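To keep things clear, I will list the structure first and then write my remarks on it.
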Amino acid sequence: GNSVTQMEGPVTLSEEAFLTINCTYTATGYPSLFWYVQYPGEGLQLLLKATKADDKGSNKGFEATYRKETTSFHLEKGSVQVSDSAVYFCALSSSGNQFYFGTGTSLTVIP
Amino acid sequence: GAGVSQSPSNKVTEKGKDVELRCDPISGHTALYWYRQRLGQGLEFLIYFQGNSAPDKSGLPSDRFSAERTGESVSTLTIQRTQQEDSAVYLCASSRLLAGGRYTQYFGPGTRLTVL
């Protein structure tokens, strides 16, 4: 079956620290992979995506590389800001247009 | 362009009442999803519509929950005889086809339901 496992939080970092949020997946076929972000009090927003192996999605300084050999899609950012404080969700889309979400990782960045 | 919209943004109801939540997807998006997000938790899939195909209702938690969609437009999620455990944010998303046969998903702002 299809599932997503992501790093449990909460994660607390100082401003300008390096961020990694781990995400691994199980899927049949060749899924597309996504990171969504949910800022406090807001809905989910698509942060970045990758549709095939070795693709790198990037946006707002965040990056994630689709690694088929390790079935991973880890989210990284070189220097986090206070404004990056949010909950981050890893997700996959399998054939048939179904989406599967991880449980979310809460990130707090302190000045 | 316009995104996914949901109404109402907040709904407070008494236990035992029925509620109706509405979702307007992005025009041209063939697929529509409903999710539930309880406080501090992840997304719980409820139901999925794809065009004129039979909906995937596998995530609906009980027969008190139902949803309808007219063609590729508005969807309504109905919860009958609400219970306190139904309190959550109900999220709607619609998706479009990317190049290469892939889909991406866009979320509405959600409806926060509080059952007293």
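The values are calculated or read from the model by the stated rules, or taken from the named source; none is laboratory data. Remember, predicted model here, so these are calculated numbers, not experimental data. Counting neighbours? That spans all protein chains shown, and the Cβs are built from the backbone with ideal geometry, glycine included. Heads up: the accessible areas ignore ligands, DNA and RNA and are worked out on the full protein's heavy atoms, side chains in. Shrake-Rupley method; radii C 1.70, N 1.55, O 1.52, S 1.80 Å.
Within the stretch B:89-113, the set of residues being open to solvent by 10 Å² or more (accessible area, probe 1.4 Å), more than 9 Å from chain A (Cβ to nearest Cβ) and within 16 Å of the chain's Cα centre (by Cα) comprises just one member, B:R112. Can you tell me which of (1) more than 25 Å from B:P109 (Cβ to Cβ); (2) of a type outside the set (D, E, K, R); (3) buried (at least 20 other Cβ atoms within 10 Å of the Cβ) is the one A:T65 doesn't meet? Among (1) more than 25 Å from B:P109 (Cβ to Cβ); (2) of a type outside the set (D, E, K, R); (3) buried (at least 20 other Cβ atoms within 10 Å of the Cβ), the lone unmet condition for A:T65 is (3). Sub-7 Å Cβ pairs linking a first residue in the stretch B:50-76 that is among the β-branched types (V, I, T) to a second residue that is open to solvent by 50 Å² or more (accessible area, probe 1.4 Å), at least 6 apart or interchain, are B:V74/B:R22; B:T76/B:E20; B:T76/B:R22; B:T76/B:E68, ordered by first then second residue. Residue count for the stretch B:1-50 satisfying the condition of being small (G, A, S), within 13 Å of chain A (Cβ to nearest Cβ) and either part of a strand (DSSP E or B) or open to solvent by 90 Å² or more (accessible area, probe 1.4 Å) (or both): 2. Looking across the stretch A:23-34 at every residue that is within 12 Å of chain B (Cβ to nearest Cβ) and modelled with pLDDT of 85 or more, the one that is nearest to A:S106 (Cα to Cα) is identified as A:F34. For the stretch A:24-44, the tally of residues that are of a type outside the set (A, V, I, L, M), surrounded by 13 or more Cβ atoms within 10 Å (Cβ to Cβ) and within 18 Å of A:Q98 (Cα to Cα) stands at 9. Whenever a residue of the stretch B:82-109 is at pLDDT below 90, its partners that are among the β-branched types (V, I, T) and open to solvent by less than 10 Å² (accessible area, probe 1.4 Å), lying with C-beta atoms within less than 9 angstrom and at least six residues away or across chains, give the pairs B:S95/B:T104; B:R96/B:T104; B:L97/B:T104; B:L98/B:T104.
Yes/no per residue for (1) part of a loop (DSSP other than H, G, I, E, B); (2) open to solvent by 10 Å² or more (accessible area, probe 1.4 Å):
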{"residue": "A:T12", "(1), (2)": "no, yes"}
{"residue": "A:A17", "(1), (2)": "yes, yes"}
{"residue": "A:Y88", "(1), (2)": "no, no"}
{"residue": "A:S106", "(1), (2)": "no, yes"}
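Looking only at residues in the stretch A:68-86 that are among the aliphatic types (A, V, I, L, M) and over 11 Å from the mean Cα position of the chain (by Cα), the one that is most open to solvent (accessible area, probe 1.4 Å) is A:V82.
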